[in-house]
Each structure stands twice: as structure tokens, then as C-alpha cells.
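What follows is a set of notes on a single structure, which appears directly below.
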Amino acid sequence: MYKSPDGDIIDCVHIREQPAFDDPLMQSHVIKDTPARLPYTINQTDKRRVWQVWNQNGTSCPDQTIPIRRTVVGAKPFKKSHWTDVRINRRTVPYAAEQGHEYAIGGLGYLHGIYGTAATMNVWDPSVERGTDEFSLSQIWLVAGHYNKDDLNTIEAGWQVFPDHYHDSQPRLFVYWTRDTYQKTGCLNLECSGFVQVSNQFAVGSAFSPTSSYGGSQFDVTMFIWKDANDGNWWLIIDSSVIGYWPAKLFTHLAHGPAELVQWGGEIVNTQSYGQHTTTHMGSGHFAEEGYGKASFFRNLKIIDYLAYLQPVQEFTLYTKHPTCYNAQKGHSEEWGSYFYFGGPGFNSLCP
């Protein structure tokens with residue numbers, strides 16, 4: 001057991017005793033080894049170490065154990081939005097519906113299916129209204145299925161600030177999934193069965209450190225999510241560290257086939273608790289046009305094809321609900337490939 005400087009309690013739990021195996025469907029599941037054949041070019045990424053607050057001094061759990069953050073008593077549940085179907089890239093694909101959730105996201109539907117994605121995002125500590133069940137996050141979505149049939153499958157990972165769940169305002173690594181449009185399934189981190197962690201160095205649900213600062217250093221992480229064609233499991237990799245996987249048996253569409261849509265970007269909840277649009281920040285709290293050093297970004301957008309090659313994204317669609325509250329702006333450069341800035345402060349003189 002470790003006491004993190006930020007107050008988190010981290011327990012080193014035997015890898016077989018993690019919550020993923022509480023589900024009867026997982027009782028006979030054999031934990032998978034890291035695939036020997038990762039998507040081409042992942043092994044050539046920067047070998048830097050991404051730190052979290054709990055292990056800044058190099059702490060890690062022993063072999064055959066994983067770090068699990070103790071859930072705070074009284075933590076509010078994490079509720080994701082329902083989705084609807086829209087046309088994008090000449091295809092009908094699911095997109096997040098209203099219901100108080102607001103977005104500034106880029107999306108791509110690919111005719112031949114999406115077997116994973118990679119992107120680099122910077123990490124901020126946005127202001128979130130407390131006592132409102134609101135959160136702010138930056139994440140990747142992989143999606144398949146249909147909203148109208150309640151069989152939407154999603155795989156989601158990124159960072160989130162959720163004070164009423166974590167009891168602080170730090171940006172924390174999170175993972176999520178559902179197979180029925182958030183009806184009866186939908187699990188955050190390791191708080192119920194689902195995601196199988198294999199890393200003894202990352203604690204899902206723990207805070208990243210350092211974070212980006214205005215006009216100063218930009219702390220970013222590169223996330224890969226990839227479907228292993230041999231068994232259908234979806235793996236999460238951060239820079240060069242393999243974190244774990246979502247077993248194929250959790251899903252319907254994503255168990256046997258690729259994703260139909262990939263999205264990258266920001267999401268907030270607007271509860272209008274004070275009779276006006278929320279002041280919760282998305283990303284850094286700065287609009288996209290303020291650019292590098294102020295705005296949040298996703299850069300070097302890539303998808304993974306059926307041959308496990310990382311393909312640079314050329315064209316993608318931006319979506320925002322209220323661009324006077326949160327917006328997005330895309331571009332392309334030799335260094336960053338396809339990218340976009342996004343975010344905003346929420347309530348202001350122009351924001352409804």
C-alpha cells in the first residue's frame with residue numbers, strides 16, 4: 001500500500017484479483033500477454049516515462065500485481081451521455097446527443113473499419129463547478145453499433161477532472177466502456193468488471209503530473225488503442241507503456257469487427273445549476289484560436305488499419321454544440337500532421 005502525496009491510497013493487488021474478474025463472464029478468462037506484434041511504429045515511439053503523482057519517485061508495484069486506487073467514500077457516479085445517429089463522411093454513424101453534455105470533437109468514419117487509433121493530447125487542470133456532478137475531460141472514443149437499437153459499443157480513454165467523484169480537481173487517467181448505449185453497462189476505470197490492467201506502473205484513476213501551463217511547458221501524452229486481430233481484445237498503450245485491454249467478450253459489435261467511428265476531443269457536463277450556462281472549463285479553458293500554449297490540442301491523429309499499420313489522418317470533421325462556449329479549429333503541419341485545438345471557458349457574454 002502506498003500513500004500518494006495527493007492523498008490517494010494505492011493498493012498493490014495480485015493481477016488475478018482485480019475487479020475485471022468479478023463478472024461471471026470473466027471467471028475463466030486467461031490474462032493475455034502483451035502482444036508480440038504491436039502496430040507498426042508504436043515500438044518506435046518516444047521511450048519517455050509518463051508520470052503520475054503517486055509514483056513520481058519511481059515507485060511501482062511488484063511483478064504480478066497492479067496498482068489500484070481506492071475509491072473515495074461518497075464518490076458520485078460517472079454518467080456518460082446517450083448518443084444519436086448523424087451523417088458524417090457520407091455514412092450514418094453514432095454521435096453524442098444533447099442531454100447536458102457538450103463537446104468540441106473531431107471525428108472520422110472509415111469505410112474499411114477502424115482497428116485502432118493514436119493521438120497526442122496535452123493535459124490541463126480545468127476549473128469545474130463543484131457540487132454539480134459536472135466533469136471536464138479530454139479523450140478518445142472508438143464506436144460501433146446503433147443508438148436506436150440500444151446496442152452502441154464504445155471504448156473510451158483519456159484524462160478527466162471530476163471533483164464530485166475524485167474529491168479533487170486533478171486531471172486523472174480514466175478508461176470507460178459500454179456495449180448497450182450506456183443503459184445497463186458502462187464502467188469507469190477499475191470500479192467494476194471490464195478493463196483488464198497488466199501494468200504495474202500506472203494506476204487507472206490516478207492523477208497525471210506535471211500538467212500544462214499557460215504560455216509555459218506543455219505536458220502531453222500519446223495514447224494508442226488497438227484491436228488485436230488474433231483474439232479481438234482492444235489494447236491501451238500510453239507512449240511506450242502497455243496499460244491493459246478491454247476483452248472482446250465485453251462487446252457485441254467491437255468483439256468481432258472494427259470500430260465504425262473514431263473521435264478525439266473534449267466533453268463537459270452543463271447542469272446549469274446556477275440558472276445559467278456552466279462556468280466549467282473544457283480543456284485549458286481557452287478557445288481554440290488562442291493556439292499553442294493556451295488551448296488544448298490533439299495532434300498527430302492516426303488510425304490503425306486491418307494490417308496494423310498506423311495511417312495518418314488526412315480529413316476529419318469537427319463538431320461543436322455551442323461554439324461561443326467551446327469551439328474547435330483544425331490544421332495540418334509537417335511536425336504535427338493533422339491536428340486541432342479545442343476548448344473554452346463556458347459561460348461568458350456570448351455563451352447562451
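Pairwise over distinct Cα atoms, reciprocal of the mean inverse distance: report the Kirkwood radius of region 123-274 in Å, one decimal place. By the Kirkwood definition, the hydrodynamic radius is 16.3 Å.
If you bin all the Cα-Cα distances of region 93-188 at 10 Å, starting from zero, the percentages per bin are 14, 43, 35, 8, 0. The calculated FRET efficiency for ASP231 paired with ASP6, based on their beta-carbon distance and R0 = 45 Å, is about 0.80.
When only alpha carbons of region 189-277 are considered, Rg and Dmax amount to 16.9, 52 Å. Extending 7 Å from the Cα toward the beta-carbon at both ASN57 and GLN218 defines two label points whose distance is 3.3 nm.
Summarising the label geometry, the points placed 7 Å from Cα in the beta-carbon direction at ASP150 and ASP180 lie 0.7 nm from one another. Remark: for residue pairs LYS184/LYS249; LYS32/LYS149; LYS294/LYS321; LYS249/LYS330, the C-alpha separation exceeds 26 Å in LYS32/LYS149; LYS249/LYS330.
Working from the Cα coordinates of region 156-219, the gyration tensor eigenvalues give, after taking √(5λ), semi-axes of 25, 14, 11 Å in decreasing order. Computed 3J(HN,Hα) for region 51-59, one whole-Hz value per residue from the Karplus formula 6.51 cos²θ - 1.76 cosθ + 1.60 where θ = phi - 60°, is 9, 10, 4, 5, 10, 4, 8, x, 4, glycine and proline marked x. Sequence-ordered 3J(HN,Hα) estimates for region 317-325 from the Karplus curve with 6.51, -1.76 and 1.60 and θ = phi - 60° stand at 9, 9, 9, 9, 8, 10, x, 7, 9 Hz, glycine and proline given as x.
The mean sequence distance of close C-alpha pairs (under 8 Å, at least 6 residues apart), as a share of the length of region 199-239, puts its relative contact order at 27 percent. State whether region 133-183 is rounded, prolate or oblate according to the following rule on the C-alpha gyration tensor (a ≥ b ≥ c being the square roots of its eigenvalues): a/c under 1.5 gives rounded; otherwise a/b larger than b/c gives prolate, and the remaining case gives oblate. Prolate.
For the chain, the C-alpha radius of gyration sits at 0.92 times the compact-globule guess of 2.2 N^0.38 Å, with N the residue count.
Count charges around VAL143 for me, please; just the other residues with Cβ under 10 Å from its Cβ, Lys/Arg as +1, Asp/Glu as -1. With Lys, Arg at +1 and Asp, Glu at -1, the neighbours total -2. Sorting ASP33, ASP6 from the fewest to the most surrounding beta carbons within 10 angstrom yields ASP33, ASP6.
The HN-Hα couplings worked out from phi for region 126-134 by the Karplus form 6.51 cos²θ - 1.76 cosθ + 1.60 (θ = phi - 60°) are x, 6, 10, 4, 7, x, 10, 6, 8 Hz, whole numbers, x standing for Gly and Pro. A crude spin-label estimate for the pair VAL30 and HIS256, with each label 7 Å from Cα along the Cβ direction, gives 2.3 nm. If R0 equals 30 Å, the separation of the Cβ atoms of GLN314 and GLN272 corresponds to a calculated FRET efficiency of about 0.20.
Structural descriptor for region 106-214: relative contact order 23 percent, calculated from alpha carbon pairs under 8 angstrom and at least 6 residues apart. Let me test this: with uniform point scatterers at the alpha carbons of region 225-304, what is the Debye-based log₁₀ I(q)/I(0) at q = 0.24, 0.26 1/Å? Taken in order of the listed q values, log10 I(q)/I(0) reads -1.12, -1.21.
Here, each number is a calculation from the coordinates, and none is a lab measurement. Keep in mind it's a predicted model, so treat the numbers as computed, not measured. As a convention, Cβ positions derive from the backbone with ideal geometry for all residues, glycine included, and neighbour counts pool all protein chains shown.
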